[in-house]
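Data block below; observations after.
Here, each number is a calculation from the coordinates, and none is a lab measurement. All figures in this text were calculated on a predicted structure; none of them were measured in a lab. FYI the Cβ positions are ideal-geometry reconstructions off the backbone, even for glycines, and counts take in every protein chain you see.
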Amino acid sequence: MDRNLSLITPTGRLTLGNYLGALRRFVAAQDDSSPYACFFGLSDLHALTTPQDPDVLRATIAEMATLFLAAGLDPARATLFRQSQVPAHRDLAYLLECTAYTGELNRMIQFKEKGRGVPSTRVSLYTYPALMAADILLYRPSVVPVGDDQRQHVELTRDLAIRFNHTYGPVFVVPEVRTPASGARVMDLQEPARKMSKSIENDSGVIRLLDPPDVVRRRVARAVTDSDTGPDAVRPDRDAKPGVTNLLDILDACGGSADGITTYGALKSAVTEAVVATLEPVQKRYAELAADPAYVASVFADGSARAREVTASVLADATAAMGL
Ligand code: ATP
Ligand code: MG
């Protein structure tokens, strides 16, 4: 069976970008025939590659788990799990660290940008690609859809799998890398050249999934546009008008239409209305689910048990192949 596998790291509260670009796609991908086809996880171990306050991390994980369900993920049609509850991830990560070269990790752009040369950088940020390779290889997907920012890590995953299979025998399925047609890529409302991101420090250009309507309205109202005033000012042009283009993209992704809209004020009102309408059912469901945290925890405990079940043989094969 081919697997659909995606992880989100609880490094911040989920954004509109995470919803339109990830969660909503996960919901569309759920499989009516078997929850074994789709694995959606919280990569909580990856969160520890940067400093996190334990209480804040716990709360972020709980909120994110609840939002997975509130967004429409269905434990009967997808497996929802937590990486930290499936020890095979860290077990295989160590074995893969024993096959990766420091030269390979040194080349990783994300590490170069975020950590290299910074004295308090955690070792785990450096070795993160080995854990990510384990995340993937344990589930044997034949294709990994990946955004540009993670492409290099998946290429490394392929290199490690090929090397392992060559050295120790054919244990891993070597996944193809696929960059999906970009679809909804939500940009930061204040800095529309940069994508909206849950972990950013100054989040004034970010809409969170649980933001109430008045916060959405305020953030959209303050969104950066440009000084065009002509009758055709409201039009997409990614290079010349990134702010306006982003608002049009959000409007479209949230089911609204810019037909007949000629001013930025009217555009922002339409965006606010469409975003609020998109978030409302998720927030309503969230409120119900948040009243029953034991249920949410049990969904993830069951899913993690299933993830342990399907990953056990891959880990066992890799361990034995290396002579342990
Ligand atoms: P971080 O700042 O921690 O990297 P992030 O918001 O970029 O947070 P990720 O954990 O990197 O989120 O990605 C989770 C999922 O959300 C991925 O599938 C990613 O493609 C998607 N995603 C993240 N940001 C956006 C965005 N602005 N627009 C569309 N999809 C997004
Ligand atoms: Mg990211």
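For the chain, the tally of Lys pairs with Cα-Cα distances below 23 Å comes to 9, considering only residues 8 or more apart or on different chains. Near THR121, once Lys and Arg are set to +1 and Asp and Glu to -1 for all other residues with Cβ below 13 Å from its Cβ, the sum equals +3. Counting Lys and Arg as +1 and Asp and Glu as -1 over every other residue whose Cβ lies under 10 Å from the Cβ of THR50, the net charge comes to +2.
Couplings 3J(HN,Hα) of the stretch 35-52, computed from phi: x, 6, 7, 10, 10, 10, x, 9, 8, 5, 5, 5, 4, 7, 6, 10, x, 9 Hz, in residue order, whole Hz [Karplus 6.51 cos²θ - 1.76 cosθ + 1.60, θ = phi - 60°; x for Gly and Pro].
Put simply, the amide H of PHE39, placed in the peptide plane, has neighbours under 5 Å in ASN4, LEU5, SER6, THR79, leaving out anything fewer than 5 places away on its chain. Close amide H partners of THR121, meaning residues 5 or more places away or on another chain with modelled amide H under 5 Å apart, do not exist here. Relative contact order of the stretch 213-287: 33 percent, from C-alpha pairs under 8 Å at least 6 residues apart in sequence. Residues whose amide H lies under 5 Å from that of MET187, counting only those 5 or more places away or on a different chain, are MET196; hydrogens are built 1.01 Å from N in the peptide plane.
Taking the Cβ of PHE39 as the center, what net charge do the other residues with Cβ under 9 Å away carry, scoring Lys and Arg +1 and Asp and Glu -1?
Working: positive: ARG3, ARG306; negative: none.
Counting the neighbours of PHE39, the net charge comes to +2.
What the pair-distance distribution of the chain shows, using all Cα-Cα distances binned every 20 Å from zero, is 30, 55, 15, 0 percent. Place a point 7 Å from Cα of LEU48 in the direction of its Cβ. Which residues in the stretch 95-126 have their backbone N less than 15 Å from it? Answer for the stretch 95-126: 122-126.
Based on the reciprocal of the average 1/r between different C-alpha atoms, the Kirkwood radius for the stretch 155-197 equals 13.2 Å.
Could you check what % of the DSSP bridge pairs in the chain are antiparallel, to the nearest 5?
Working: 3 of 15 bridges.
Just about 20 percent of them are antiparallel.
Give, rounded to the nearest 20 debye, the magnitude of the charge dipole that the stretch 213-287 has about its Cα centre when Lys and Arg contribute +1 at Cβ and Asp and Glu contribute -1 at Cβ.
Numbers: 10 positive and 11 negative charges, 87 e Å.
The calculated dipole for the stretch 213-287 is roughly 420 debye.
Its residue count N fixes a reference of 2.2 N^0.38 Å for the stretch 213-287, and the Cα radius of gyration divided by that reference is 1.13.
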